[in-house]
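Each value in this text was obtained by applying a stated rule to the coordinates, not by laboratory testing. Everything numeric here is computed off the predicted structure, so don't read it as measured data. So basically every Cβ, Gly included, is an ideal-geometry build from the backbone, and we count neighbours across all protein chains shown.
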Amino acid sequence: MRNNIFKFVLFLLISNTMMANVSLPNIFSDNIVLQRNSEVKIWGWANPEEEIKLVSGWNNQEYITVANNQAKWEIIIKTPEAGGPFTISIKGYNEVVLKNILIGEVWLCSGQSNMEMSASWGIDNGEEEMKNATNPNIRFFTVPKLTATSPQNNVLGNWTESTPETMKYFSAIGYFFAKRLREDLKNVPIGLISSNWGGTPAEIWMPEEVVNNDPLLLDNAKKLNEQEYDPRRPGRAYNAMIYPIVGYKIAGTLWYQGESNVSSLAYDKTFGALIASWRKEWKDNFPFYYVQIAPYKTGSNNFWNVIIRNSQRKLLNEISKIGMVLTSDISDTIDIHPKNKKSVGIRLANLALADTYKTNSNLVNGPLYKDFKTEENKVVVSFDYADGLHFANKSSNQFELAGADGNFFPAEASIKNNQVILISKKVANPVKVRFAWGNTIQSGLFNKAGLPASCFITE
């Protein structure tokens, strides 16, 4: 009996000691990058009513708060212009010191396998890129593949500096994005959070209730069949791989996904709901840049892939502060994992440098369908970002016209004043236009920046 009482008292002492320790989620570790010139939230756990004192190393400013009755605390701190390394001290009954902190730009890289794809997968020139990957001003945090039926408070992982060994297994697109950013932003450190899972549909990356409360999204989600290696149930990856870092201050998000939604006729609504949900959870209307999936033969339907690409294009007119890079010219229609990841990362970075950082005045978007008008039996198609519009070859057979019956026929195409002029002898009164409309068609229309036009079909 006395022995049991001793064990119980010892258990209470150990439990109280463990509870008393100030602790942080793993997203706050040594080597961390914090968003510059911002109000950044730091959070963690401690005993209820325990006083927490944080001191920021760049100005020795002291912040004080008290853990609530759920044993959780949070502090909003102000970060300076880019720099480091710094330390942060967080003290309660114990003290936690974060070391080698940099202040810079933080981007979240998410989606499926093409965002996950690393140099270890055999990307173009991967061995050479790995050799030159030592850069302490580029930092990585990799979120492991996990699912959960409810939102989680923490996730395994820690921040690491870019080295040949760490870069080898990190998102190649993210790495090349960071390298390109640093060319224009000079000495600004870049932090990248990689949270992705190959083969996953968009529905699993947003809160489950967002899908359940929308009949259209829910109907689409019900058509997703569970796969051997990939989760399919709404919210499962969000709960385990996104929710634990919600609130961590980021500059924006990079996204490459869509291949696993190719049977959806409403991907623009699904993807739009995902973007809106993340911004709502973060309470931040951050930029969201994504990659249009590459042309690829998908099943027996000749249009599933191009329908998704068109949905991604249409979304640009519906949501603010988003951008899309095109990859049809740097992809391989027989490989769902194109190996040229450097160009994709650079195009995403050019977009961010132009739209977010305002340091790049170059043309960074491919031509995007704007409108068309009919002049007698001719159709004149206008594009945004059409300066220097030209065909890769002397002519193009990628445009089609349809009359009121909806039957499309090839059209003769020419370019005048950065507009495309279309004529088809088989369509006397054209009412619809489509371009590069097929799963494996790689756009042959470019602007002066050498960027391809997106596929499109008029409504």
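Brief remarks follow.
- Annotation: amide H-H contacts under 5 Å for Trp197 (H modelled 1.01 Å from N, sequence separation of 5 or more, or interchain): Gly111, Gln112.
- Within the chain, percent of DSSP bridges classed antiparallel, to nearest 5: 65 percent
- Alpha-carbon centroids, segment 199-233 and segment 242-277: separation in whole Å: 12 Å
- In order along segment 383-400, the phi-based Karplus estimate (6.51 cos²θ - 1.76 cosθ + 1.60, θ = phi - 60°) of 3J(HN,Hα) comes to 10, 7, 6, 9, 4, x, 4, 7, 8, 4, 10, 5, 9, 9, 10, 9, 9, 9 Hz; Gly and Pro are listed as x.
- Relative to the dominant Cα principal axis of the chain, helix 304-315 is inclined by about 70°.
- The charge dipole of segment 21-103, taken about its Cα centre with unit charges on the Cβ atoms of Lys, Arg (+1), Asp and Glu (-1) only, comes to about 180 debye.
- Overall, the chain carries a charge dipole of about 200 debye about its Cα centre when +1 sits on the Cβ of Lys and Arg and -1 on the Cβ of Asp and Glu, all other atoms neutral.
- Helix axis angle, 341-355 relative to the chain longest principal axis, alpha carbon, degrees: 90 degrees
- Fraction of alpha-carbon pairs over 38 Å apart in the chain - percent: 31 percent
- Local electrostatic count, Thr458, Cβ distance below 9 Å [Lys/Arg +1, Asp/Glu -1]: 0
- Phi-based couplings in Hz for segment 363-372 (Karplus 6.51, -1.76, 1.60; Gly and Pro marked x): 6, 10, 10, x, x, 10, 3, 10, 6, 9
- Pairs from the list Lys339/Lys373; Lys269/Lys297; Lys91/Lys145; Lys394/Lys426; Lys297/Lys370; Lys72/Lys358 with a Cα-Cα gap above 29 Å: Lys339/Lys373; Lys91/Lys145; Lys72/Lys358.
- Eligible aspartates and glutamates near Lys99 by straight Cα distance, threshold 20 Å, same-chain separation 8 or greater: Asp30, Glu39, Glu62, Glu74, Glu81, Glu161
- Helix 267-282 axis, angle to the chain major axis (alpha carbon atoms, nearest 10°): 30 degrees
- A DSSP coil position with no more than 14 other Cβ atoms inside 10 Å describes the following trypsin sites (Lys or Arg not before Pro) in segment 379-430: Lys394, Lys425, Lys426.
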